[in-house]
Structure formats: C-alpha cells, structure tokens
Amino acid sequence: MPIFEGQLITMIAQLILAATIFALLRRSRSGERLPKIRRLAGLDAIDEAIGRATEMGRPTIFGNGSGGLNSAQTIASFSVLEYAARSCARYDTQLIAVSYVASVYPVMEAIVRTSYLELGKGDSYDPVNTVRFIASGWGASASALQGTMRRERVAACLFMGSYYAETTMITEVGANLGAIQVAGTANTAQLPFMISSCDYTLIGEEFYAAGAYLSKDDVQKVNLVALDYAKAITVIVIIIGALLATFGDASHLKNFLNY
Amino acid sequence: MYRRTIPFIISIVIGLSYILSGALPEISAWKNLLDKWFQISTAFAVLIGAISLSMVHFRNLRRPERLIYSTTLIIALYGTVVLGLIQTSKGELYQTWYNMTIVPLEAAILSQIAFYITTAAFRVLRMRSLEASLMLIAAVFVMFYNVPVGAAVWQGIPVIGKWLMDIPNTAAMRAITMGAALGASATAIRVFLGLERSYLGGGE
C-alpha cells in the first residue's frame, strides 16, 4: 500500500511508543514496580497556589489559552483544570475558569461541574461565574482576562495551554497583583515571558506530562516512563547523527528517517 | 455509556481516520472532509459561548459598578449580530463598525506589550544570582547585536551576539521543541488508549 513520503518511520515510531506503553501497562498490572518518577516543582506549586488563595479568601483563575479542541496543548490542559477544580472544590476556594475558544468552553464547563459534583460540592458551583467564555481573538480575550484578574483580585493564576502574544499582558498583571502564578506551554516563543513573570513554568513536555503526574494512578504513570524511553532513543539517534555528520556521512540516516 | 463510551468511540474513529488520511494517499480526501465537520461543529459552539457571555453580563446589570461595561458589551455583541444578519459581514456599516472599534482597540491593547516586556525584563535582569548575571550579560550582547550601534561600539559584539543566538539559543529551543513533540505524541497515544479521558468532561 503506498504511503506519503516521510510518514512511514513516523508511524512506526508512534506504534513502537504505543506498544511500549502497553508493555509497561502489563508490567504495572502484574505488580512489577515501575521506575520512580521525579515530581515537578511546578505541579507541586499548583497546590501551594490554591492553598494560598484559600488562606487569603481570594479566587484562583485558570486559563488554557487560545488553542482549540484540535490542539494537544488544550487536551493536556484539561487534566490540570480537573485537578485544580477538585482542589478548589475541596477547600471551598472560588475558581474562575476562563475560555477564549467557544468549542473549548463546554468541555471546561463539564469538567469543572463534574469535579464539584463528585466531591459533593454542587452547591459551590456557580453555573454562570465559575466557567466563563470571555471572548475570542487574542486582543479582546487578553483585555477581558486582565480586567477579570484585577476586578476579582485573584491570588492564584494557572495558565496552561497554547498562549501567544497575550502572555506578557496577562502574566504581568498577575505578577503586579502579587498572585502565585504557575504556567505551562509548549509554545517556545512564549516561554521566556512566562519564565520572567511566573513563579513556576512547565516547559514543553513537562506540561504535556502534567496530567499523568497529577494522577495518583499507576496506569497514567506508565505513559511517562514510556516517554522517557522515547527521549532516550531520540538522544541516542541525535548523538549518532552528530557523530556521522562530524566524522563521516549522515545522509543515510537522514534518508532513513525521512522514509 | 452515552456520556463517556460513545464519545470515546467517536473520538477514536475520527482520530484514527485523520491520522491515516495524513499517511495514505488513497484516503487523503478524508482529511478535508473531517476539517469541514470540525469547522461546522465548532460554529455551533460559538452560540454556547455567546450564551455564557450573555449570562455573565446580564447578571452584572444588577451591579451598579459594572453596569456601564456590561451594557456596552451587550449592545456591542447583539448590535454586531443584528448588523451581520441584516447586512452580512461584507456590508458597509458592518465593515465601518468593525474597522472603527475592533481594529483600533486591538492595536491599543497590543501597544501595552512594550511596557509589560520592559517590566518583565527589569525583573529578570536584576543581578541577584550567578544565573541572572549571566542572563544579563547575554541579553546585553543580543540586544546590541540587533542594533547597528552594537558593531560601532565594538566589532566583537555582533560576533558574540550571533553565536549566542545561533548556537546555545538554537540548541535549547530545539531540545524544548523535540521534548514537546514527544509529549504531544504521548498525549495523543494516551487519548487513543483511553488513559486520558478528561476531554470527555472529567470524572472518575
């Protein structure tokens, strides 16, 4: 069966990654111990931020940027939202979850509502103000988010997702308010702004791994172990490529990877 | 079942079709069809977003301190809808309305970035530690590399600035990009294996 050029190796790599996850899953279910996973300071800081908002009696704000449902970053942000919603419901802290994208809003609303209901805190969930669609378009959404943060005097800001030019505008407002800010994105152009304005930043793959880290479930953690194996293989391929390019001819490796 | 199993099956079937249509020429037309379905279903969600926005701001009408802002938003939101229905988005009044409000407002909002970047840079570049000091030195070289006066001050500045941008900066950015690509792949696989189900609305 013909296949588009450059897709075969990618597909095989994806299948190998999926098979590794399955194999680790079987190991985990048979009771074998998985490698220990290092905690990320940025994720522990989510509890710290919500705890501080609880002590101060001020809200926690969650935003997941301008990515749609077709963005892996948006999908990854939902796990963090679920964790934040459960923490806020548990401690009776006001949560404001804002969406810039109309198609993402109903999913966020369902996640937050379900989290509150499962903890028996349905009365604390405000169907109008807890999850809000603020605006589409980065300019309008940035100003709406700035206004919301200032008016509500938020004490904790969680910005997880696909952010663009608005990053500095919203994180600087959070810094100005003295809020604890935890951010995460895979948009490399925005990382410097997040790092400069936020207390903790989840960089690239750390952000994607957040859902699995936050889960107490071993089944989720096998994914992280498989991801580390994939990273190790990638590093080995890079080293081989660098050695070949320096001392010989790397074209065969390049052609193989583009097959 | 209706809330989790059926949406999960639909997402797996659509996701696999999308991946295969990107790899196999015979079914590459599926990709365009699925893109159209996505756009149509997204358009319906805009209505839900507008309802949410209206609920928040109609409630604000009862609060005197927010009355003026929420009234402005409601008039702008429904005024645009009515104008769009009467004239379509190509209409002269609709275009004037858009060009006289949204365009200058967005430009004004964008202009804030310069000030925010300055305050962010000031915070980062204070020499409080060895890392911050190294960052400050690197930033000075890169800033002078990007302006003509850099070479006039010292010929070595453009050389060092270019090296900083091309070698350490590119290496770090590529490492982050590769890690993010692997993370995105792992997220996709978690969705396909049913390990990641929060997008279905959360819950145990």
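The values are calculated or read from the model by the stated rules, or taken from the named source; none is laboratory data. Note that this is a predicted model, so its numbers are computed, not measured. Neighbour counts are summed over all protein chains in view; Cβ atoms, including those assigned to glycine, are modelled from backbone coordinates with ideal geometry. Side chains are part of the model used for accessible areas, which takes the heavy atoms of the whole protein and leaves out ligands, DNA and RNA. Shrake-Rupley method; radii C 1.70, N 1.55, O 1.52, S 1.80 Å.
The numbered conditions (1) hydrophobic (A, V, I, L, M, F, W, C); (2) more than 30 Å from B:Lys36 (Cα to Cα); (3) part of a helix (DSSP H, G or I) are all true for A:Leu34 except (3). Restricting attention to the stretch A:195-204, which residues are open to solvent by less than 40 Å² (accessible area, probe 1.4 Å) and facing another protein chain (nearest Cβ under 8 Å)? Within the stretch A:195-204, A:Ser196, A:Ser197, A:Gly204 meet the criteria. Can you confirm whether B:Ile74 is in a helix (DSSP H, G or I) and either in contact with a Ser or Thr (Cβ under 8 Å, 6 or more places away or on another chain) or within 26 Å of A:Val104 (Cα to Cα) (or both)? Judged against the criteria, B:Ile74 is a match. Of the residues making up the stretch B:25-73, those that are facing another protein chain (nearest Cβ under 9 Å), of a type in the set (Gly, Ala, Ser) and over 23 Å from the mean Cα position of the chain (by Cα) number 1.
When the stretch A:148-194 is filtered for residues that are open to solvent by 10 Å² or more (accessible area, probe 1.4 Å), among the β-branched types (Val, Ile, Thr) and within 11 Å of another protein chain (Cβ to nearest Cβ), only A:Thr188 remains.
For the stretch A:123-135, a tally of residues being surrounded by fewer than 20 Cβ atoms within 10 Å (Cβ to Cβ) and at the interface with chain B (Cβ under 7 Å from one of its Cβ atoms) returns 2. With respect to the conditions (1) farther than 17 Å from A:Gly204 by Cα; (2) open to solvent by 40 Å² or more (accessible area, probe 1.4 Å); (3) out of contact with any Phe, Trp or Tyr (no Cβ under 9 Å at 6 or more places or on another chain), A:Arg38 falls short on a single one, namely (1). Only one of the numbered conditions (1) away from chain B (no Cβ under 11 Å); (2) touching a residue at least 24 places away in the same chain (Cβ under 8 Å); (3) assigned to a loop (DSSP other than H, G, I, E, B) is violated by A:Gly120, and that is (2). The residue that is surrounded by the fewest Cβ atoms within 10 Å (Cβ to Cβ), among those in the stretch B:87-101 that are hydrophobic (A, V, I, L, M, F, W, C) and in contact with a helix residue (DSSP H, G or I) (Cβ under 8 Å, 6 or more places away or on another chain), is B:Leu93. Residues that are open to solvent by 50 Å² or more (accessible area, probe 1.4 Å) and either acidic (Asp, Glu) or facing chain A (nearest Cβ under 9 Å) (or both) were ranked within the stretch B:113-142; the one that is nearest to the chain's Cα centre (by Cα) is B:Ile117. Being free of Cβ contacts under 8 Å to residues at least 24 places away in the same chain, closer than 30 Å to B:Arg63 by Cα and not hydroxyl-bearing (Ser, Thr, Tyr) narrows it down to one of A:Ala175, A:Ala156, so name that one. Result of the check over A:Ala175, A:Ala156: A:Ala175.
If you go through the stretch B:144-167 and pick out every residue that is in contact with a helix residue (DSSP H, G or I) (Cβ under 8 Å, 6 or more places away or on another chain) and either open to solvent by less than 60 Å² (accessible area, probe 1.4 Å) or assigned to a helix (DSSP H, G or I) (or both), you end up with 12. Only one residue in A:Leu95, A:Leu81 is open to solvent by less than 20 Å² (accessible area, probe 1.4 Å) and more than 21 Å from A:Tyr164 (Cα to Cα), so which one is that? Step by step, each of A:Leu95, A:Leu81 is checked, and only A:Leu95 is open to solvent by less than 20 Å² (accessible area, probe 1.4 Å) and more than 21 Å from A:Tyr164 (Cα to Cα).
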